[in-house]
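Report on one structure; see the data block that follows.
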Amino acid sequence: MSERIIMRTGEALVAGGPPGTAAEPEVIIGELDGPVGTAIATLTGDQVKGHSRVFAILNTDIQVRPVTLMVSKVTVTNSRYTNILMGTVQGAIANGVLDAVRAGDIPKEKANDLGIIVSVWLNPMVAKADDLDHKVLFDIHRRAMAQSIHKAMNNEPSIDWLLEHQDEITHKYYQMGLDGKI
């Protein structure tokens, strides 16, 4: 794939584990010499208390490629939450990126030319879970990251699919409101 990738977007929801372990990353992928690269540089240099932006790493001193900037959807105020987000989840996201390269969703030859911004959801309840299963949390976030990249790079869902299924799909929380559950 030699075409320029200006900006692709994708998201995925992966649940099924214990409470609090669901993942719903939202990604923006594009060339580093375009708007995505500018956004990564701006976000990295414009840190905001409670919403630190960090690169996805496999371990300290091992940054993943394509460069991936994590942005938390939740205001971080708890050190245990921070350690889980900047440990288990950060490693999972980095592995999900490499899984997407291995699967061919991100061309290997573009690994140094592309950047990813991922908006990360980590349920705040994990900070209070004494029996948190880090392996399950890792696997779910890894799988969700790879799926969101796959969807972004393949423009999924397609506009044709969306138009065909629009009336069959009701947002989960809207439905819960209709059912009186929120």
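The values are calculated or read from the model by the stated rules, or taken from the named source; none is laboratory data. Predicted model, so just to flag it, every value in this text is computed and none were measured. With ideal geometry, Cβ positions are generated from the backbone for all residues, glycine too; neighbour counts draw on all protein chains shown. We work out accessible area using only protein heavy atoms, side chains counted, and drop any ligands, DNA or RNA first. Shrake-Rupley method; radii C 1.70, N 1.55, O 1.52, S 1.80 Å.
Assorted remarks:
- Condition check for residue 50: in a loop (DSSP other than H, G, I, E, B), within 13 Å of residue 141 (Cα to Cα), out of contact with any Leu (no Cβ under 7 Å at 6 or more places or on another chain) and touching a residue at least 24 places away in the same chain (Cβ under 8 Å): no
- Some residue of region 142-160 being surrounded by fewer than 22 Cβ atoms within 10 Å (Cβ to Cβ), modelled with pLDDT under 95, under 17 Å from residue 9 (Cβ atoms) and not hydroxyl-bearing (Ser, Thr, Tyr): no
- Condition met for residue 78 (of a type outside the set (Ser, Thr, Tyr), without any contact (Cβ under 8 Å) to a residue 12 or more places away in the chain and within 17 Å of residue 132 (Cβ to Cβ)): no
- Residue selected from region 1-59 under the condition open to solvent by 70 Å² or more (accessible area, probe 1.4 Å) and basic (Lys, Arg), by the criterion modelled with the highest pLDDT: 4
- Listed by first and then second residue, the pairs linking a residue in region 158-182 that is part of a loop (DSSP other than H, G, I, E, B) to a residue that is open to solvent by less than 100 Å² (accessible area, probe 1.4 Å), with Cβ atoms under 8 Å apart and 6 or more places separating them unless they lie on different chains, are 182/176.
- Scanning region 91-119 for residues that are open to solvent by less than 10 Å² (accessible area, probe 1.4 Å), in contact with a His (Cβ under 8 Å, 6 or more places away or on another chain) and aliphatic (A, V, I, L, M) gives 92, 93, 100.
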